[in-house]
Amino acid sequence: MTDQQLLYRAESDPDWNTVAAGTARVTLHPDESAPEVIVVSGPCPRCHHETVHAEPLITYANALDGSGLLARLLLRRATATGSRDVEVICACTATHPEAGERSGCGASWVLHVEWGV
Ligand SMILES: [Zn+2]
Ligand SMILES: [Zn+2]
C-alpha cells in the first residue's frame, strides 16, 4: 500500500489517538504560561503525511464582547493551567482520491494537551 492510493475517508480510530500521542509536536502560542492557541503538528496516523492543526483556546468574539469584569475573568480562566482534548483532523497537502474539495485523508483523532502543570 502506498500513501498516495489511500482514499479519502472520514473516520476515526482509537488507535490513532495512541499513535498520534507519540508522534505529535505540540506548541503553545504565544507562550506556555498563557496559551491562546494550541498548534499540533506531526504525521497523520492514517496517511502519515505531515499535517498541522491550530486549536484556539480563547474565543475572541466573546472576549471582545464585553470589556467588563466578566469578560476579563473568562479570559483569565481560559489562559490558566489547563488541559484540552484537541480533535485533530488530517489536513495534509497530499492528494487523496475521492477527497474532492476537501484537504487531508479524512482521518481525525484526539490529542490530550496539558499546559502549566
Ligand atoms: Zn495524507
Ligand atoms: Zn491523513
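Results, tabulated for the structure shown:
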quantity: Close pairs (7 angstrom Cβ cut-off, 6 or more residues apart or separate chains): more than 9 Å from ligand 1 (Cβ to nearest atom) in region 92-117, modelled with pLDDT under 95 and in a loop (DSSP other than H, G, I, E, B) anywhere; calculated: W115/E32; W115/P35; W115/T81; G116/E32; G116/S33; G116/A80; G116/T81; V117/T81
quantity: Selection count, region 25-48, where residues are in contact (Cβ under 8 Å) with a residue 40 or more places away in the chain and out of contact with any His (no Cβ under 9 Å at 6 or more places or on another chain); calculated: 9
quantity: Members of region 23-45 found to be within 15 Å of ligand 1 (Cβ to nearest atom) and of a type in the set (S, T, Y), listed by number; calculated: T23, S41
quantity: Residue under evaluation A10, criteria (1) within 17 Å of W115 (Cα to Cα); (2) of a type in the set (A, V, I, L, M); (3) at pLDDT 90 or above, criterion not met; calculated: (1)
quantity: Qualifying residue in region 67-86 (condition: modelled with pLDDT of 95 or more, within 13 Å of ligand 2 (Cβ to nearest atom), hydrophobic (A, V, I, L, M, F, W, C) and in a strand (DSSP E or B)); calculated: no
quantity: Selection from region 11-49 of residues that are more than 16 Å from ligand 2 (Cβ to nearest atom), buried (at least 17 other Cβ atoms within 10 Å of the Cβ) and part of a loop (DSSP other than H, G, I, E, B); calculated: A34, P35
quantity: Condition met for C105 (modelled with pLDDT of 75 or more and farther than 27 Å from G116 by Cα); calculated: yes
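The values are calculated or read from the model by the stated rules, or taken from the named source; none is laboratory data. As the structure is a computational prediction, the values presented were derived from the model and not from experiment. So basically every Cβ, Gly included, is an ideal-geometry build from the backbone, and we count neighbours across all protein chains shown.
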